[in-house]
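Q: Structure incoming, see below.
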Amino acid sequence: MRTKLDNHESLIFSSLNALPEQAADERDLFAQLGVNSGMLLPLTEESAGCGFLGFLSREDEREWNESEVELLAGLLSDAMERNRTEEALRRSESRFQGIIQVASDAIVPVDHEQNILIFNHGAEEMYGYAASELIGRSFETLLPDTSIRSHRAYVSDFLRSPGNAQRIGGNGDLLARRKNGECFPVEATISKLE
């Protein structure tokens, strides 16, 4: 048993009697727990063994057939892969957030309803709001009342257009509003992210 475990191989036993003599300690432990048969599948991380997942049964002489072993090993492999993918996504999102937050330019991504998702440090400096005041609120909070209608029309037209990014406001006609109510000209690039 130890050789299989040391080599990170699956271990399947239909009864405690099927365990080799060298596994006397394990047999005693399983007997104390009322386990009569089981399957230990290796867990691997980046091609190296990192543990085992055990499926244990109190049934006498339970035979583990090949389809059960394959199904459980497949489920285990899928779950571990999903976990690795989710962890990689979390790391990537964290790096992305870090880059966004340290940018000196104002970066204000919004969702499909124009609600603010991120309000970076550059935006805080420019507009005078803390991120916590605007996350989840309408982007229109940052616009003077006189610009809201034209902004809605512009966004609607842009979303229907084939382009993915567009620069606006280069000639001083695009105004934004700070927390203190002051309006000021801005240049912006808007983009579609799927």
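Q: Just checking, does segment 135-156 include any residue being open to solvent by 60 Å² or more (accessible area, probe 1.4 Å) and at pLDDT 95 or above?
A: yes
Q: Quick one: which of Arg27, Arg62 is part of a loop (DSSP other than H, G, I, E, B) and out of contact with any Phe, Trp or Tyr (no Cβ under 8 Å at 6 or more places or on another chain)?
A: That would be Arg62, the only listed residue that is part of a loop (DSSP other than H, G, I, E, B) and out of contact with any Phe, Trp or Tyr (no Cβ under 8 Å at 6 or more places or on another chain).
Q: I'd like to check something: does segment 118-130 contain any residue that is of a type in the set (Phe, Trp, Tyr), farther than 26 Å from Thr44 by Cβ, open to solvent by less than 40 Å² (accessible area, probe 1.4 Å) and in contact (Cβ under 8 Å) with a residue 40 or more places away in the chain?
A: Yes.
Q: Would you be able to tell me the number of residues in segment 85-112 that are open to solvent by 80 Å² or more (accessible area, probe 1.4 Å) and among the hydrophobic types (A, V, I, L, M, F, W, C)?
A: 4
The values are calculated or read from the model by the stated rules, or taken from the named source; none is laboratory data. All figures in this text were calculated on a predicted structure; none of them were measured in a lab. Every residue, glycine as well, gets a Cβ built from its backbone with ideal geometry; the counts of neighbours run over all protein chains shown. Calculation scope for accessible area: heavy atoms of the full protein, side chains included, ligands and nucleic acids excluded. Shrake-Rupley method; radii C 1.70, N 1.55, O 1.52, S 1.80 Å.
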